[in-house]
Amino acid sequence: MSYLEKKVPPVLVAVLFGLVVWALAAVPPTIDLVEGLRLAIVLIISLTAVLFGVSGLIGFLRAQTTVNPHRPEGASRLVTSGVYRFTRNPMYLALALILTALAVWLETPWGLLGVVGFILYMSRFQIVPEERALTTLFGDEYLRYCARVRRWI
């Protein structure tokens with residue numbers, strides 16, 4: 001177990017990696033996209049992010065279980081329906097998509113390193129500890145769910 005596990009709020013992690021994406025935009029090369037195409041790509045990615053994030057939140061609220069990322073052991077139900085049939089972490093996926101949209105908006109291929117960094121950080125310091133807690137809580141039911149549904153997409 002690491003000191004950083006479940007310590008930093010996921011939204012703050014996304015903001016910090018957003019700053020990384022923004023800083024990397026200063027590193028050449030950039031990809032010059034036609035303005036309308038760039039805007040369309042950013043809107044599609046952003047709307048997809050909102051869809052995943054809101055759907056994930058609604059799933060937790062409907063199940064009346066915790067949305068607190070620091071206390072997964074407080075979960076009262078395992079949510080496997082709705083968007084959770086496609087991804088085990090739709091809210092974290094939404095944050096990764098927002099970072100991707102930012103990289104596209106800034107026209108920086110290097111910004112995608114910030115997205116990869118976010119995914120690696122979240123997997124190691126947030127998702128793996130959550131998975132340990134959920135395995136303890138829900139046992140084989142959770143393990144079967146993990147075998148069926150991918151962590152990200």
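The values are calculated or read from the model by the stated rules, or taken from the named source; none is laboratory data. Just so it is clear, the model here is predicted, and its values are computed rather than measured. Don't worry about glycine lacking a Cβ; one is built from the backbone with ideal geometry, like all the others, and counts go over all protein chains shown.
Here are the numbers for this structure:
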{"quantity": "Restricting region 120-137 to residues that are surrounded by fewer than 16 Cβ atoms within 10 Å (Cβ to Cβ) and not aliphatic (A, V, I, L, M), the residue that is farthest from Met91 (Cα to Cα)", "calculated": "Thr136"}
{"quantity": "Some residue of region 2-23 being over 24 Å from Arg124 (Cα atoms) and either at pLDDT below 95 or assigned to a helix (DSSP H, G or I) (or both)", "calculated": "no"}
{"quantity": "Ile153, sole failed condition from (1) closer than 30 Å to Leu24 by Cα; (2) crowded, with 17+ Cβ neighbours inside 10 Å; (3) in contact (Cβ under 8 Å) with a residue 40 or more places away in the chain", "calculated": "(2)"}
{"quantity": "Candidates Leu137, Leu78 - the one that is modelled with pLDDT of 95 or more, in a loop (DSSP other than H, G, I, E, B) and either more than 18 Å from the chain's Cα centre (by Cα) or under 30 Å from Leu39 (Cβ atoms) (or both)", "calculated": "Leu78"}
{"quantity": "Hey, Gly74 surrounded by fewer than 16 Cβ atoms within 10 Å (Cβ to Cβ) and touching a helix residue (DSSP H, G or I) at 6+ places or on another chain (Cβ under 6 Å) or not", "calculated": "no"}
{"quantity": "Of all residues making up region 60-69, the number that are in a helix (DSSP H, G or I) and over 23 Å from Val8 (Cα atoms)", "calculated": "2"}
{"quantity": "Options Ile41, Ile98: the member that is among the aliphatic types (A, V, I, L, M), over 22 Å from Ser123 (Cβ atoms), assigned to a helix (DSSP H, G or I) and out of contact with any Lys or Arg (no Cβ under 9 Å at 6 or more places or on another chain)", "calculated": "Ile41"}
